[in-house]
Amino acid sequence: MIPPIFTLLSADATVAAAVGSNPVRIYPFGQAPNPPGYPYITYGVITGTPQNKLDGTPDVDVLQVQVDVWGDSHDSTMDLAAAARDALEPHAHMTGMGPFQRDAETRSYRAVLTFDFFLNR
């Protein structure tokens with residue numbers, strides 16, 4: 001029930017060049033190592049909603065996914081965020097960008113992207 005975020009991002013040449021290959025620095029929320037190595041991406045499902053219909057059970061689920069791009073510079077973070085956007089948009093509807101901020105504790109740069117995935121059951 002989770003969209004193939006890792007597969008889609010790691011298959012994109014621009015994203016893969018930025019996040020490396022051993023390890024690939026794309027992690028589900030809460031699973032990035034400490035320290036993670038920069039840049040990296042975290043992702044997770046925010047909400048999931050079945051597409052209910054009047055006759056029968058739903059055949060599609062809509063999953064809202066948050067993708068966070070982390071980096072050690074503004075430019076590298078924004079470049080990777082653009083690459084992640086371009087890799088995911090053919091497969092999902094982008095519904096939001098931002099906030100773009102800097103973490104007070106780690107001083108990491110962060111860009112937040114949200115997408116809606118429509119998954120057939």
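The values are calculated or read from the model by the stated rules, or taken from the named source; none is laboratory data. Bear in mind that the values here come from a model prediction, so they are computed numbers and not experimental data. FYI the Cβ positions are ideal-geometry reconstructions off the backbone, even for glycines, and counts take in every protein chain you see.
Identify, from the list Pro28, Pro36, the residue that is within 25 Å of Pro99 (Cα to Cα), within 17 Å of the chain's Cα centre (by Cα) and modelled with pLDDT under 95.
So the residue among Pro28, Pro36 that is within 25 Å of Pro99 (Cα to Cα), within 17 Å of the chain's Cα centre (by Cα) and modelled with pLDDT under 95 is Pro36.
Being of a type outside the set (D, E, K, R) and either under 16 Å from Ala16 (Cβ atoms) or touching a helix residue (DSSP H, G or I) at 6+ places or on another chain (Cβ under 9 Å) (or both), is that true of even one residue in the range 31-38?
Looking for residues that are of a type outside the set (D, E, K, R) and either under 16 Å from Ala16 (Cβ atoms) or touching a helix residue (DSSP H, G or I) at 6+ places or on another chain (Cβ under 9 Å) (or both), one finds at least one in the range 31-38, hence yes.
Do any residues in the range 74-86 that are in contact (Cβ under 8 Å) with a residue 40 or more places away in the chain have Cβ atoms under 7 Å from those of residues that are outside any helix (DSSP H, G or I) and acidic (Asp, Glu), where the two are at least six apart or on different chains, and which pairs are they?
So the pair list comes out as Ala83/Asp12.
From the list Thr95, Thr114, Thr106, which residue is more than 11 Å from the chain's Cα centre (by Cα) and modelled with pLDDT of 95 or more?
Thr95
Can you pull out every residue in the range 12-39 that is touching a residue at least 24 places away in the same chain (Cβ under 8 Å), in contact with a Pro (Cβ under 9 Å, 6 or more places away or on another chain) and not β-branched (Val, Ile, Thr)?
The one that is touching a residue at least 24 places away in the same chain (Cβ under 8 Å), in contact with a Pro (Cβ under 9 Å, 6 or more places away or on another chain) and not β-branched (Val, Ile, Thr): Ala18.
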